[in-house]
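The values are calculated or read from the model by the stated rules, or taken from the named source; none is laboratory data. For clarity, every value in this text was computed on a predicted model and none was experimentally measured. Here the Cβ positions follow ideal geometry from the backbone for every residue, glycine too, while neighbour counts run over all protein chains shown. Just the protein is used for accessible areas: all its heavy atoms, side chains included, with ligands, DNA and RNA removed. Shrake-Rupley method; radii C 1.70, N 1.55, O 1.52, S 1.80 Å.
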Amino acid sequence: MVNLLDYIVKLLDLMEVRMPVIHSADAQVYEVHNARFTSLVRPGTGSAELCVWQTEVMADSVGVPHRILGEEAFVLLSGEVTMTIDGESTPMKPGDAAVAPAGSTIALANSTDEIATLLVTVRVGFAAELPDGSTFTPPWAS
């Protein structure tokens, strides 16, 4: 009788499936609109379907409202922010999560004197529409 785990391992070896590990020291960092985006998981790092990045919202800052063209999920890791989705603002504390539906207009604000850090995830192909009507595909999600 074949051990199921051994069989799966052999099958994965034959398929040459790898689980890439993205080390934080190798992550690309982008600074836009009073925030720092650290790209972790995206097609450029081996993902076919998901993107994950860390967003640091600078102290005493208000983000640019923008309409997202795909669902976006947020988990606040540290600090405090106010998440606005379609005009409804809600304060978030560490451990809180938010889901913004596709087509909604979102913005993040940090009224404290400390940086706030969030983990954010979207599907590959994510894009947003900026206030001037232009479409933006974030490099940290492509």
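Of note:
- Looking only at residues in the stretch 42-60 that are closer than 19 Å to Gly125 by Cβ and without any contact (Cβ under 8 Å) to a residue 60 or more places away in the chain, the one that is nearest to the chain's Cα centre (by Cα) is Thr45.
Yes/no per residue for (1) within 23 Å of Val41 (Cα to Cα); (2) of a type in the set (A, V, I, L, M); (3) free of Cβ contacts under 8 Å to residues at least 12 places away in the same chain:
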position: Val62; (1), (2), (3): no, yes, no
position: Leu77; (1), (2), (3): yes, yes, no
position: Val81; (1), (2), (3): no, yes, no
position: Asp86; (1), (2), (3): no, no, no
position: Asp96; (1), (2), (3): yes, no, no
position: Gly125; (1), (2), (3): yes, no, no
position: Pro131; (1), (2), (3): no, no, no
position: Thr135; (1), (2), (3): yes, no, no
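- The stretch 41-94, residues that are closer than 16 Å to Ala116 by Cβ, open to solvent by 60 Å² or more (accessible area, probe 1.4 Å), in a loop (DSSP other than H, G, I, E, B) and not basic (Lys, Arg): Asp60, Glu80, Pro94
- Selection of the stretch 118-142 for residues being in a loop (DSSP other than H, G, I, E, B), surrounded by 14 or more Cβ atoms within 10 Å (Cβ to Cβ) and aliphatic (A, V, I, L, M) yields Val124, Ala127.
- Test: residue in the stretch 106-116 that is touching a residue at least 60 places away in the same chain (Cβ under 8 Å), open to solvent by less than 60 Å² (accessible area, probe 1.4 Å) and not aliphatic (A, V, I, L, M): no
- Residues (open to solvent by 70 Å² or more (accessible area, probe 1.4 Å), modelled with pLDDT of 85 or more and among the hydroxyl-bearing types (Ser, Thr, Tyr)) located in the stretch 1-40: Ser24
- Contact annotation: residue pairs with Cβ atoms under 8 Å, 6 or more positions apart or on different chains, pairing a residue in the stretch 18-37 that is in a helix (DSSP H, G or I) with a partner that is open to solvent by less than 90 Å² (accessible area, probe 1.4 Å) and among the hydrophobic types (A, V, I, L, M, F, W, C), are Ser24/Leu40.
- Test: residue in the stretch 80-91 that is in contact with a helix residue (DSSP H, G or I) (Cβ under 8 Å, 6 or more places away or on another chain) and among the hydroxyl-bearing types (Ser, Thr, Tyr): no
- Residues in the stretch 110-142 that are over 16 Å from the mean Cα position of the chain (by Cα) and under 20 Å from Trp53 (Cα atoms): Asn110, Glu114, Ile115, Glu129, Leu130, Thr135.
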